[in-house]
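The values are calculated or read from the model by the stated rules, or taken from the named source; none is laboratory data. Given the structure is predicted, the values throughout are model-derived calculations rather than measurements. Cβ: placed from backbone, ideal geometry, glycine included. Neighbour counts: every protein chain shown. Note: areas computed on protein heavy atoms with side chains; ligands, DNA, RNA excluded. Shrake-Rupley method; radii C 1.70, N 1.55, O 1.52, S 1.80 Å.
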Amino acid sequence: MIHKAVIPVAGLGTRLLPLTKAMPKEMLPVGRKPTIHHVVDELAEAGVNQILFITARHKRTIEDYFDHDADLETRLRSQGRDDLADSINMPD
């Protein structure tokens, strides 16, 4: 069983310009989630529990997306938006 995955996400996304001028290609939405979220969901479903992203310095958006945001979660829960608070948390 494979438990670790490496995802290279450091490219410039030049083939998707001008969309990728301000947003990494991995963060472009497919449905209601960024593309990279779908990839992580598939890996988790396959049993992968450690994922390493190889990023570039301008790809901070990807790192921020997968970081836990306690302030946002607290704000949503205080407004009674538990559904949204649950949706921003990635599985461990």
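General remarks:
- If only the Cβ of Lys and Arg carry +1 and only the Cβ of Asp and Glu carry -1, the dipole of the chain around its Cα centre is close to 600 debye.
- To the nearest 10, the accessible area of Leu16 is 80 Å² with a 1.4 Å probe.
- Database remark: amide H of Ile7 closer than 5 angstrom to the amide H of Leu52, Phe53, Ile54 (H placed geometrically; neighbours at sequence offset of 5 or more, or on other chains; Pro and chain starts carry no H).
- With θ taken as phi - 60° and the Karplus curve 6.51 cos²θ - 1.76 cosθ + 1.60 applied, the whole-hertz 3J(HN,Hα) list for the stretch 67-83 is 6, 6, 10, 4, 5, 5, 4, 4, 4, 5, 5, 5, 8, x, 9, 4, 4 Hz, x standing for glycine and proline.
- 10 Å-binned pair-distance histogram of the stretch 1-54 (Cα, whole percent): 24, 45, 26, 5
- Accessible surface, 1.4 Å probe, highest first, among residues Thr74, Thr61: Thr74, Thr61
- The per residue volume of the convex hull around the alpha-carbon atoms of the stretch 16-81 is 139 Å³.
- The chain: angle of helix 35-45 to the longest principal axis, Cα-based, in degrees nearest 10: 70 degrees
- A helix-only calculation puts the chain at -10000 deg cm²/dmol for mean residue ellipticity at 222 nm, using -39500 (n - 2.57) for each DSSP H run of at least four residues, averaged over all residues.
- When Lys33, Lys4, Lys21 are compared by accessible surface with a 1.4 Å probe, the order from highest to lowest is Lys21, Lys4, Lys33.
- Solvent-accessible area, 1.4 Å probe, carbon plus sulfur percent, for the chain: 56 percent
- A 1.4 Å probe over all protein chains sorts Ile62, Ile2, Ile51 by accessible area into Ile2, Ile51, Ile62, starting with the largest.
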